[in-house]
1. In the protein assembly as shown, how many lysine pairs have Cα atoms under 30 Å apart, counting only pairs 8 or more places apart or on different chains?
2. Share of Cα-Cα pairs in segment B:1-72 beyond 13 Å, in percent?
3. Which log10 I(q)/I(0) values, to two decimals, does segment B:163-303 give at q = 0.13, 0.15, 0.19, 0.20 Å⁻¹ under the Debye formula with one point per Cα?
4. Mind sorting B:Arg125, A:Arg164, B:Arg198 by how few other Cβ atoms lie within 10 Å of their own Cβ, fewest first?
5. Put one equal scatterer on each alpha carbon of segment A:96-163, apply the Debye formula with no solvent term, and list log10 I(q)/I(0) at q = 0.22 1/Å to two decimals.
6. What size of dipole, in debye to the nearest 20, comes out for segment B:2-289 about its Cα centre when the only charges are +1 on Lys and Arg C-beta atoms and -1 on Asp and Glu C-beta atoms?
7. Might you report the magnitude of the Cβ-based charge dipole of the protein assembly as shown about its Cα centre, with Lys and Arg at +1 and Asp and Glu at -1, to the nearest 20 debye?
8. So what is the relative contact order for chain B, in percent, with contacts set as C-alpha pairs under 8 Å and at least six apart?
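Every number here is computed from the coordinates shown, using simple stated rules; none is lab data. Since the model is a prediction, treat every value here as computed from it, not as a measurement. Reconstructed Cβ throughout: ideal geometry from the backbone, glycine too, with neighbour counts over all protein chains shown.
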Amino acid sequence: MTAQAASTQALLSIRDLRVSYGPTEVVHGISLDVFPGEIVSLIGSNGAGKTTLLRSLYGVPRAKSGSIIFAGEDLSQVPTHQVAKRGLSLVPEGRRIFSGMSVLENLKIGQTSRADPAGAEEDLEWIYQMFPRLKERSAQRAGTLSGGEQQMLAIGRSLMARPRLLLLDEPSLGLAPLVVRSIFETLRTVAAQGMTIFLVEQNAHQALRLAHRAYVLSTGRISLEGPGQELLKNPEVKAAYLGGH
Amino acid sequence: MYVLGQQLVNGLVLGATYGLIAVGYTMVYGIIGMINFAHGDVYMLSAYLTAIALAVLSYWGLHSPWLLIVISLLFAMALTSLIGVVIERLAYRPLRKANRLAPLISAIGVSLILQNYVQLSQGARNQGVPTLIDGAFRFGNEQHFFQVTYNQLLIVVVAFFSMLGLNLLVSYTALGRACRATQQDREMAQILGIPADRVIAAVFAMGAAMAAVAGVLITLNYGSFDFSIGFVTGIKAFTAAVLGGIGSLPGAMLGGILLGLAESLFSGFVNSDYKDVFAFALLVSILIFRPSGLLGKPVVEKV
C-alpha cells in the first residue's frame, strides 16, 4: 500500500486529532489515512475512542485540535448536517434506524444527501438486490425487524446516499455470528464495486480479515498499523484482541 | 332530540377548531419536546390579521365573500407562519441546549409580549369583523329544529381539508419524512444530511398556519375578538393535544373533536357555567387511566 500512498491522494486524512468530552480527552492525537478504493479497519477495545473518532468527523463532538481532510477539504468546521453532502455516510453504533417509519421510508431518508437525486431509484434496486429481506419488508415498520435486518437497513440507508466513503461503527454489535458473517460478506461485495470503507470494530478477527489495511487503537492512540492479514498474525494483536488463538 | 342535534353540531365545530390549534402544540412538542405556550397567542394574532385583511381588501373594492375568505386565510396563514418561525428563532433556538424549564419560561414571555403588544397597539376593546356569509341549513319543523349555519359548515369543511392536507404532507413528502426522522432521532437525522434547524422551523410554520386557519374561521363565525382570546382557547387546545396523546397528530385531532363535543354536550344538557370544569375533569380522568393520552405511545426511557 505504500506505493499507493505515494501515488494517490488520501480520500480521508486525519492528522493529530484530539477530541474531548467536556474536560476528558478521549482521542489523544490520532493520524490515519484512507485511500480511494480501500477497506480500512480500526480495531480497539471498548472505550478506546473508536466511536468518538468517527463522531468527530461529524462534529459531535468537535475536534479540539488537529485536522480532518476529506477529498481535500477540511471538515473540522463543517456543520453536522452538511458533512453527508461532502460524501461521507455513517452506519452508526447501535444502528439507529427510524423505528417508527417503514423500511422504505428509512431508505428514502438515506438519500437526502445524494449528489444525484435521479440515481436513487437505481440504488434502491441495487440495495434490494443485496438485501432481499428489505425488499420483502419494505412496507413494514423498521422497529419490527430483527437485529440483523436492522443492521442491513442501516447499511442500506447509508448506501442510499451514494457516499464516497462508507463509515461503519461496530456493525457486528449484538448480532449472532452467522449474521455477522453475512454482514461482512455484504461489505466485501460493496467494496468490490468500488466503495471505500472505513470500519471501526471490536470484532477484530472479522475486521482484520476484511481490511486491506488496519489500525489498532488503544486508549486514544494508534498503537499499531499495517495490512490486515499481517496484523492478524501479529502476536500482540493476537494476545489483546483475538483471544490468544 | 333537537337540542342533542344542535349540541353535536356545535361541539363538532368547536372541536374542529380545537383540533386545528392542538396540532401546533403536538407537533412542536413532538419535535423539540417543549410546550409552546405562545401558540394560543399566535392564534389570537390571526384574528387581527383577518380583520386587517378584510379591511384592506374591502378598501380596495373587493366584496366577493369567498374571495375575501380565501385571501384572508392565505394572508393570515403566511404571516403567522413567519411569526412562528421568528418566535422559534429568537426565543427558543438559543435555549435549545438549556434545561427544559428555560424555553418554557421563554414561551410564557413571548405569550405576554404578544398579548401586551396587541393590547397596546390595537386597543383593549373588542374588535369586530362584518358577517360575510349568512344563513343556515335547518332540520326539523317551525317550533323544533336545529341548524347548521353556513359558517359552521365552512369551519368543518375547511378544518377537515386542512387536517387532511397536513396529514398527507407529514406522511408522504420528503419534508414530512424529515420531520418524523428529526422527531425520533435529531442527531442521526443530521448525520444523514437533514438540516434539523430548518425542519424545526418548518414545524413551527406548519403549526402556526393551522392555528391561523382556526383563527380566521372562528373570527368569521363569531365576528368579535380581543387581545386575550389566545389564552383560554390555547389552554383548551393544549388540553385537546394532551387528551389525544401529545406528540401524536391524529391524537390532537381526535382530542380536539372529543373535547369540543364534551364541552358543548355538557353545556347543552347540564350547565354551561361549568363546561370548562367538565372539560378539564375529563382530561384528568382520562390521564389517570391512559397517562400518555388516547393515541399517545407510552414513554419508554432509553437506557
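1. Pairs that pass both the separation and distance tests number 26.
2. Numbers: 1911 of 2556 pairs.
Here the tail beyond 13 Å accounts for 75 percent of pairs.
3. -0.71, -0.90, -1.24, -1.30
4. Working: B:Arg125 10, A:Arg164 17, B:Arg198 14.
By the 10 Å Cβ count, ascending: B:Arg125, B:Arg198, A:Arg164.
5. Summing over Cα pairs of segment A:96-163 leads to -0.82.
6. Working: 13 positive and 11 negative charges, 141 e Å.
It works out to roughly 680 debye.
7. Details: 42 positive and 34 negative charges, 154 e Å.
Roughly 740 debye for the protein assembly as shown.
8. Values: 478 pairs, mean separation 110.8, N = 303.
About 37 percent, as a whole number.
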